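Inspection log for the structure reproduced underneath, given as structure tokens.
The values are calculated or read from the model by the stated rules, or taken from the named source; none is laboratory data. Because the structure is a prediction, the values reported are computed rather than measured. FYI the Cβ positions are ideal-geometry reconstructions off the backbone, even for glycines, and counts take in every protein chain you see.
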Amino acid sequence: MTTTRRRFRVISATGLALTALLAASACGGESQDEADGKKTLRMLVNVTPALPVTFYEDLVAPFEQAHPGVDVKIEAPTAATGNVQETLTQQLAAGTEPDLLGGQTTAAEAKVMATLPNEPWVTDTPFAKELQIDSRQWTVGASFQAQSLVFYNKDAFQKAGIAAPPATVDEFTAVLKKIKQAGGYTPLETAGEWVTAAQFQQLANAVVMQNEPNWYSKRTKGEVTFANSDYKRYVEVYKSWIDDGLVSKNANGVKYNDSLVDFTSGKAATYVMGNWAVPTIDQAKPKFGVGVFAAPSFDGKPVPQVGGAGDLYSVLNSSKHKAEAFELVKYLVSDKAAVQKQLVAEGNFRTGFSYQASPLTQEVQKIVDAAPGAVVAGDGFGDNTAPSGWSAELTKILQKLYLGDSAEQAIAAMDKWWTGNAR
Amino acid sequence: MLAPALALVLVFILVPIGIAGYLSLTDWDGFTPRPEFIGWENYRRIFDDEPLVQAAVVTLVIAVVGTLFANALGLGLALLVDGPGRFKAVARGALFYPYIIGAVIIGFLWSAILGSNGAVNSVLHALGGTGIPFLAEPTWAIISLVLVIIWANFGVTMVLYLAGLQTLPGELMEAALIDGANAWQTFWRVKFALLAPVVTINLVLTMISLLRTYELVLALTAGGPAGTTQTITYYILTISFANGKLGYGAAQAVLLMVVILVVTVALTAMRRRAERDVAA
């Protein structure tokens, strides 16, 4: 009995010692922090080819110089998917969340974010009001991104005898058919991964939310459905593009980067993507002229740009250095040089901030200026947010269209999933 | 002496399993500080979850076909490269190489080869062909995934079989030769029979590893097209972190753990019988 008790004590003590050791190592940054007399701000950021870790390190360097007591540590996502949201969820579960988050977040994540002050540096940022949830500002963006853009190969248009970019969806379909008839190009470049749903939303959300800007919110309340909206019409159009061979039937096996290469190398005639594709297209120096037009509408009237705030930042409630974290966010979204650096990186926009833009970016700027406002992209934001996982589900539903599902099946699947997942 | 090992098991295995078990009875989304206790609700949902059932079928196909072929190939190659010789030494290293490359890298590598715009299809297009939808069509995508998994795993099975072959007593082979056994009889009745414990280890390890396939799916197909190559682990992680349903994901993880345990015990029991037959 005594031996058993002693054994139990040894096991418990060793367990506790190990747990303490683990806890101490998890807090290692803080200890280092205190030893240096510096406060370390950990910022988890969205890393892309245009926004590598080194970009963020350069971005925050002037802030660190101006605040000698603060050290900003940039962290890339550690989730296998490379996704910021998934990494944050994992870190929250492990209790190792950062001080700041750089990247698109969801309504669920708003629960763990600190409320930003009601000051001009917050309220003057793009889409500040729309990003609020229950009138609480928990994230703020440095720029505006436009997504309802159709890039096109001018040589392909000329070869097919197309004089002007289309304004309506019917005209767009006719253009794609002419290109197919002329030969030599994939009329519309689509891809697998997240691209399938993104491109569809970039086109369809602009049309649907033209009249119902808060469509996601209304769908959650059950006031609208996919079956009774222009989504149905757009899915039918999309399906007809697949059936008529206007997109590659093997598009599901194409990755995002490859779809960009297909367009810049002259294999595809048109490519639907957000303005972040512009720096990549410019860098590729295509051997043909590249033009861009806004997503077409059913009636020919200009549609709002699917998009919203870009270069988003939030401060986590659990941060021990909240004041410094707010200072950093203020710098990132209001310092002239910092904002400009972010605009250039992805070809984003912001009223009152200008930079040496490429001709293609200038064309996009004209489209943005002419657009009657903006509507949500992806899973939405603020109060107008889709249930978590919507974009991933939409990707599956749309990819099934390539595999034989009908438009009716796709629409039914959309309504079924939303109803089952809305909270 | 046992205490440190038990403490490690407690901290790194039993406590996480306990936490997963608790979370599986809640509706935790990863953000709410106090998840609501919902009893067995998550477990009830599992059997009505159509994509999960599909992911289970895909996982089963990968685990069974992958285990059989990775082992058959591993054993075959081990027999070929067993023994002295510079060429065999180089071949052993080269054949083991795929296993030491990370699964994510293997996935990206093969997607560059098999993708719609990949190396194989580019050659086919250049030759005037139409291309093969390796990753764009569900059946092809599953076949491609399983083949890549076999490619990534046969190296380690080969090394374990080689280790087993090198411990076989030479006098038994000589006795078989003297008795007039041909090559097949020597292999089947002597070598393979004596390798029974290694076969057991290889089958169990490969099966467990393939039941948890994740990174390769992520990098090669991203679960597509249309979610048709999602494995259970891939689905669990998507549900948990992308869809914010950690409680439900934990329930699936607990169930997967139980399935792996049952499969491992069953497989080991089956093989133990085979080993006993050899010993007899």
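For residues in region B:26-53 being of a type in the set (Phe, Trp, Tyr) and within 11 Å of another protein chain (Cβ to nearest Cβ), which is nearest to A:ASN421 (Cα to Cα)? The extreme case among them is B:TRP28.
The residues on offer are A:LYS320, A:LYS341, A:LYS330, and the sole one that is outside any helix (DSSP H, G or I), touching a helix residue (DSSP H, G or I) at 6+ places or on another chain (Cβ under 8 Å) and in contact (Cβ under 8 Å) with a residue 60 or more places away in the chain is A:LYS320.
Scanning region A:370-382 for residues that are among the small types (Gly, Ala, Ser) and within 14 Å of another protein chain (Cβ to nearest Cβ) gives a single hit, A:GLY378. Among the residues of region B:226-250, write down those that are of a type in the set (A, V, I, L, M) and outside any helix (DSSP H, G or I). Result: B:ALA226, single match. Could you check how many residues of region B:121-142 are buried (at least 17 other Cβ atoms within 10 Å of the Cβ) and within 11 Å of chain A (Cβ to nearest Cβ)? Residues meeting the conditions: 11.
Among the conditions (1) under 28 Å from B:THR221 (Cα atoms); (2) modelled with pLDDT under 95, the only one that A:THR186 does not satisfy is (2). Mind counting the residues in region A:299-344 that are at pLDDT 95 or above and assigned by TED's automatic domain parsing to the domain that holds A:PHE172? Number of matching residues: 0. Remark: pairs (first residue in region A:344-367, among the hydrophobic types (A, V, I, L, M, F, W, C); second residue surrounded by fewer than 12 Cβ atoms within 10 Å (Cβ to Cβ); Cβ separation under 9 Å; 6+ apart in sequence or on different chains) = A:VAL344/A:GLN356; A:PHE353/A:LYS336. For region B:229-238, a residue qualifies if it is β-branched (Val, Ile, Thr), more than 16 Å from B:ILE149 (Cα to Cα) and more than 8 Å from chain A (Cβ to nearest Cβ), and exactly one does: B:ILE236. Look at region B:1-25: where a residue is within 11 Å of chain A (Cβ to nearest Cβ) and on the phi > 0 side of the Ramachandran plot, no partner that is surrounded by 13 or more Cβ atoms within 10 Å (Cβ to Cβ) and at pLDDT below 90 sits 6+ places away or on another chain with Cβ atoms under 7 Å.
The condition of being assigned to a helix (DSSP H, G or I), more than 14 Å from chain A (Cβ to nearest Cβ) and surrounded by fewer than 23 Cβ atoms within 10 Å (Cβ to Cβ) holds for only one of B:MET158, B:MET207, that being B:MET207. Restricting attention to region A:244-259, does a residue exist that is surrounded by fewer than 18 Cβ atoms within 10 Å (Cβ to Cβ) and closer than 17 Å to A:GLN409 by Cβ? Within region A:244-259, not a single residue is surrounded by fewer than 18 Cβ atoms within 10 Å (Cβ to Cβ) and closer than 17 Å to A:GLN409 by Cβ. Scanning region A:55-95 for residues that are of a type in the set (A, V, I, L, M), more than 20 Å from the chain's Cα centre (by Cα) and not in a helix (DSSP H, G or I) yields A:VAL70, A:VAL72. Scanning region A:395-423 for residues being in a helix (DSSP H, G or I) and within 11 Å of chain B (Cβ to nearest Cβ) gives a total of 14.
Does any residue of region A:346-354 turn out to be part of a helix (DSSP H, G or I) and either modelled with pLDDT under 95 or buried (at least 22 other Cβ atoms within 10 Å of the Cβ) (or both)? Yes, the conditions are met somewhere in region A:346-354.
Selection within region A:77-136: residues that are within 10 Å of chain B (Cβ to nearest Cβ) and of a type in the set (D, E, K, R). The member of this set that is surrounded by the most Cβ atoms within 10 Å (Cβ to Cβ) is A:GLU109. Among the residues making up region A:257-308, those that are under 24 Å from the mean Cα position of the chain (by Cα) and part of a loop (DSSP other than H, G, I, E, B) are A:MET273, A:GLY274, A:ASN275, A:TRP276, A:ALA295, A:PRO296, A:PRO302, A:VAL303, A:PRO304. Tell me whether region A:383-390 contains one or more residues that are within 11 Å of chain B (Cβ to nearest Cβ), assigned to a helix (DSSP H, G or I) and at pLDDT 95 or above. No, region A:383-390 contains no residue that is within 11 Å of chain B (Cβ to nearest Cβ), assigned to a helix (DSSP H, G or I) and at pLDDT 95 or above.
Residues that are among the hydrophobic types (A, V, I, L, M, F, W, C) and assigned to a helix (DSSP H, G or I) within region B:173-192 comprise B:MET173, B:ALA175, B:ALA176, B:LEU177, B:ILE178, B:ALA183, B:TRP184, B:PHE187, B:TRP188, B:VAL190, B:PHE192, listed in sequence order. Quick check on A:GLY266: is it of a type in the set (Gly, Ala, Ser), more than 12 Å from chain B (Cβ to nearest Cβ) and either within 19 Å of B:GLY131 (Cβ to Cβ) or crowded, with 20+ Cβ neighbours inside 10 Å (or both)? Considered against the rule, which asks whether it is of a type in the set (Gly, Ala, Ser), more than 12 Å from chain B (Cβ to nearest Cβ) and either within 19 Å of B:GLY131 (Cβ to Cβ) or crowded, with 20+ Cβ neighbours inside 10 Å (or both), A:GLY266 comes out as yes. Condition test on B:ALA56, is it exposed (fewer than 12 other Cβ atoms within 10 Å of the Cβ), away from every other protein chain (no Cβ under 14 Å) and among the aliphatic types (A, V, I, L, M)? So B:ALA56 does not fit the description; no. Residue count for region B:210-225 under the criterion of being in a helix (DSSP H, G or I) and within 13 Å of chain A (Cβ to nearest Cβ): the result is 6.
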